[in-house]
There are 2 protein chains.
Amino acid sequence: MLPNYTVNIMAWLRSPIKGVMLDISGVLKNGNVAIPGSIEAVQRLRKCGLKLRFVTNETQLSRHDLTEKLRRIGFQLHENEVFPPAPAMVETLKGLRLNPMLLVHPKVLIDFKDVDQSNPNCVVVGDAAEHFTYERMNSAFRLLMELKNPKLFTLGRGRYYLEEDGLCLDVGCFTTALEFATGLKAEVVGKPSSSFFATPLKDMGLDSSEVVMIGDDIESDVGGAQKCGMRGVLVRTGKFRPERDENHPNVKPDAVVNDLAQGVELILSSESFKSLIKHE
Amino acid sequence: MLPNYTVNIMAWLRSPIKGVMLDISGVLKNGNVAIPGSIEAVQRLRKCGLKLRFVTNETQLSRHDLTEKLRRIGFQLHENEVFPPAPAMVETLKGLRLNPMLLVHPKVLIDFKDVDQSNPNCVVVGDAAEHFTYERMNSAFRLLMELKNPKLFTLGRGRYYLEEDGLCLDVGCFTTALEFATGLKAEVVGKPSSSFFATPLKDMGLDSSEVVMIGDDIESDVGGAQKCGMRGVLVRTGKFRPERDENHPNVKPDAVVNDLAQGVELILSSESFKSLIKHE
């Protein structure tokens with residue numbers, strides 16, 4: 001028995017689940033610590049032949065370092081299953097022939113090593129954390145005010161995330177500050193952008209109706225996935241806060257579960273719902 | 001002759017002008033340098049017997065230090081003519097019996113010396129400039145998320161201002177970041193709040209219809225003053241940018257002038273408009 005979970009049965013029966021997208025921070029781990037049961041939950045999904053992708057707005061580490069970090073904690077995964085915003089941003093910049101000023105964490109710079117940063121004509125904001133200084137924010141602001149055709153990109157629009165010592169301001173806050181100052185609207189490369197989810201979907205070779213996204217951010221993870229046609233499951237781990245998330249005004253998750261382990265149990269037992277309804 | 005100014009004649013003729021409120025940064029001075037003609041313009045207003053108040057959202061200096069700084073540059077004024085947000089904030093905090101966490105510039109702390117800052121139950125954001133660190137922003141954020149009845153105050157909602165080395169992000173940007181993160185709406189103590197303008201108005205003993213506000217911020221100065229029933233004059237100095245301010249979607253200044261000197265000329269000649277119209 002699964003206590004305390006809520007599920008939109010009709011959504012679960014819509015089509016069989018062939019793939020799962022997992023958010024990382026707050027779902028697999030908090031800070032450097034695996035959330036109890038999450039390592040085994042990922043293994044269960046693999047054993048059942050479901051395709052997995054790890055879809056994150058993490059921009060404090062490069063794709064490589066993020067994968068290695070998860071491996072050290074005990075997760076089994078390959079780098080090419082991990083989809084952070086930085087590589088997607090690089091593709092966008094190359095496609096538009098733009099040179100960015102990077103307001104990002106130093107550890108993610110390596111993902112931008114092939115991008116020309118001279119004479120910048122746009123700004124890219126990532127989760128720079130303690131590297132969000134007034135000076136750097138102001139440099140980005142001044143560039144945007146000087147450019148004839150300013151472009152502001154952000155690697156996500158998250159409000160906050162949970163670290164071991166507490167909640168932390170996320171990239172969305174600083175993006176919003178620059179939007180307020182400049183009057184510009186930032187383009188999001190990362191969740192909840194549909195074009196960002198499209199890349200791992202294509203990589204899985206699945207239709208969005210066959211995929212479930214599991215995350216702790218009701219807007220970026222659940223709302224974003226649902227906009228793409230995926231089912232969105234909210235976990236009560238990570239940054240989840242019942243008073244804010246359990247009855248969100250705009251986003252209704254297809255299921256709310258206590259943690260990833262329960263979410264996986266739900267996915268693996270979803271076929272049985274069908275027989276349950278048939279019996280009635 | 002005054003070249004290049006635009007004026008809403010009917011607004012100017014509405015009632016005689018008995019007092020003038022002046023913004024400081026961008027009107028009297030840029031950084032530490034007096035704007036040409038502004039020292040003499042203030043003297044002209046005084047000579048003509050108009051009541052003057054200096055109404056500013058400056059929160060990088062205490063009221064005393066701000067007055068002294070203006071005197072050193074060459075302006076003649078008294079400390080009790082200067083109305084910055086910090087003393088008003090102190091009154092508000094005392095009235096509501098609130099203990100603030102102060103996210104403000106160290107130089108303005110002296111204005112808060114009589115306020116109990118132990119066990120804070122609200123956050124006050126000022127123009128902390130380079131003291132807006134991620135760590136301090138995050139501490140304020142965490143406090144607001146922990147409080148049962150969180151209150152967020154901001155000493156202004158400006159987007160940016162002009163310093164000698166260029167445009168600088170103002171307090172509104174960082175307030176907006178905290179609002180985005182917490183879902184709260186900050187209460188403004190400072191321009192454009194009507195209750196903030198009410199204090200210098202009362203101090204002058206004048207009705208708002210008898211007072212003109214001159215500023216370089218079309219929203220905080222001009223829009224805020226107009227909401228109180230004052231006439232609002234926009235100067236083309238300081239942060240003024242023609243492409244953004246000359247045809248603002250929401251705020252129509254009662255006059256747009258090149259600088260304070262021209263604004264004062266306009267005020268002092270406004271009586272002559274009347275005779276001009278009568279002659280026609």
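Numbers below:
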{"quantity": "Number of positions in segment B:169-200 that are open to solvent by 50 Å² or more (accessible area, probe 1.4 Å) and part of a strand (DSSP E or B)", "calculated": "1"}
{"quantity": "Filter result (modelled with pLDDT of 95 or more, in contact with a strand residue (DSSP E or B) (Cβ under 9 Å, 6 or more places away or on another chain) and aliphatic (A, V, I, L, M)) within segment B:258-280", "calculated": "B:LEU260, B:VAL264"}
{"quantity": "Long-range neighbours under 7 Å by Cβ, at least six apart or interchain, first residue closer than 22 Å to A:LEU93 by Cα within segment A:164-190, second basic (Lys, Arg)", "calculated": "A:GLY172/A:ARG157; A:GLY172/A:ARG159; A:THR175/A:ARG157; A:GLU179/A:LYS185; A:VAL188/A:ARG157"}
{"quantity": "Extreme residue, most open to solvent (accessible area, probe 1.4 Å), among residues of segment A:129-154 that are within 8 Å of another protein chain (Cβ to nearest Cβ) and part of a loop (DSSP other than H, G, I, E, B)", "calculated": "A:THR133"}
{"quantity": "Residues within segment A:119-128 that are part of a loop (DSSP other than H, G, I, E, B) and more than 9 Å from chain B (Cβ to nearest Cβ), tallied", "calculated": "5"}
{"quantity": "Test: residue in segment A:214-226 that is in contact with a Cys (Cβ under 9 Å, 6 or more places away or on another chain), at pLDDT 95 or above and farther than 15 Å from A:GLU81 by Cα", "calculated": "no"}
{"quantity": "Residue within segment A:218-233 that is over 21 Å from A:ALA11 (Cβ atoms), touching a residue at least 24 places away in the same chain (Cβ under 8 Å) and under 13 Å from the mean Cα position of the chain (by Cα) present", "calculated": "no"}
{"quantity": "Filtered residue count, segment B:107-118, keeping only those that are open to solvent by 60 Å² or more (accessible area, probe 1.4 Å) and either outside any loop (DSSP other than H, G, I, E, B) or closer than 19 Å to B:ASN138 by Cβ (or both)", "calculated": "4"}
{"quantity": "Residue identified as farther than 30 Å from A:VAL171 by Cα and either β-branched (Val, Ile, Thr) or touching a His at 6+ places or on another chain (Cβ under 9 Å) (or both) among B:THR176, B:THR154, B:THR199, B:THR182", "calculated": "B:THR199"}
{"quantity": "Odd one out for A:GLU246 among (1) open to solvent by 30 Å² or more (accessible area, probe 1.4 Å); (2) in contact with an Asp or Glu (Cβ under 9 Å, 6 or more places away or on another chain)", "calculated": "(2)"}
{"quantity": "Residues (closer than 17 Å to B:ILE110 by Cβ and without any contact (Cβ under 8 Å) to a residue 60 or more places away in the chain) located in segment B:57-73", "calculated": "B:LEU61, B:SER62, B:ARG63, B:HIS64, B:ASP65, B:LEU66, B:THR67, B:GLU68, B:LYS69"}
{"quantity": "One residue from A:GLY166, A:GLY223, A:GLY205 being open to solvent by 10 Å² or more (accessible area, probe 1.4 Å) and within 9 Å of chain B (Cβ to nearest Cβ)", "calculated": "A:GLY166"}
{"quantity": "Members of segment A:70-95 that are closer than 25 Å to A:ASN138 by Cα and touching a strand residue (DSSP E or B) at 6+ places or on another chain (Cβ under 8 Å)", "calculated": "A:MET89, A:THR92, A:LEU93"}
{"quantity": "Selection within segment A:201-241 - part of a strand (DSSP E or B) and of a type in the set (A, V, I, L, M)", "calculated": "A:VAL211, A:VAL212, A:MET213, A:ILE214, A:VAL233, A:LEU234, A:VAL235"}
{"quantity": "Residue in segment A:229-236 that is at pLDDT 95 or above, of a type in the set (D, E, K, R), within 11 Å of A:ASP254 (Cα to Cα) and touching a helix residue (DSSP H, G or I) at 6+ places or on another chain (Cβ under 7 Å) present", "calculated": "yes"}
{"quantity": "Residue check for A:LEU66: outside the structural domain of A:ALA225 (by TED's automatic domain parsing) and part of a helix (DSSP H, G or I)", "calculated": "yes"}
{"quantity": "Residue selected from segment B:91-103 under the condition open to solvent by less than 10 Å² (accessible area, probe 1.4 Å) and over 22 Å from A:VAL171 (Cα atoms), by the criterion farthest from the other protein chains (Cβ to nearest Cβ)", "calculated": "B:LEU93"}
{"quantity": "Any pair with Cβ under 6 angstrom, 6 or more apart, that starts in segment B:131-147 at a residue that is free of Cβ contacts under 8 Å to residues at least 60 places away in the same chain and ends at one that is open to solvent by 10 Å² or more (accessible area, probe 1.4 Å) and assigned to a helix (DSSP H, G or I)", "calculated": "B:PHE132/A:TYR134; B:TYR134/A:GLU130"}
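Residue by residue, here is whether (1) touching a residue at least 24 places away in the same chain (Cβ under 8 Å); (2) assigned to a helix (DSSP H, G or I) holds:
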position	(1), (2)
A:TRP12	yes, yes
A:VAL20	yes, no
A:ILE39	yes, yes
A:LEU45	yes, yes
A:LEU52	yes, no
A:PHE75	yes, no
A:ALA86	yes, yes
A:GLY95	no, yes
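The values are calculated or read from the model by the stated rules, or taken from the named source; none is laboratory data. For clarity, every value in this text was computed on a predicted model and none was experimentally measured. Because the Cβ atoms are built from the backbone with ideal geometry, glycine has one as well, and the counts that use them run over all protein chains shown. Surface areas here come from the heavy atoms of the whole protein model, side chains and all, with no ligands, DNA or RNA. Shrake-Rupley method; radii C 1.70, N 1.55, O 1.52, S 1.80 Å.
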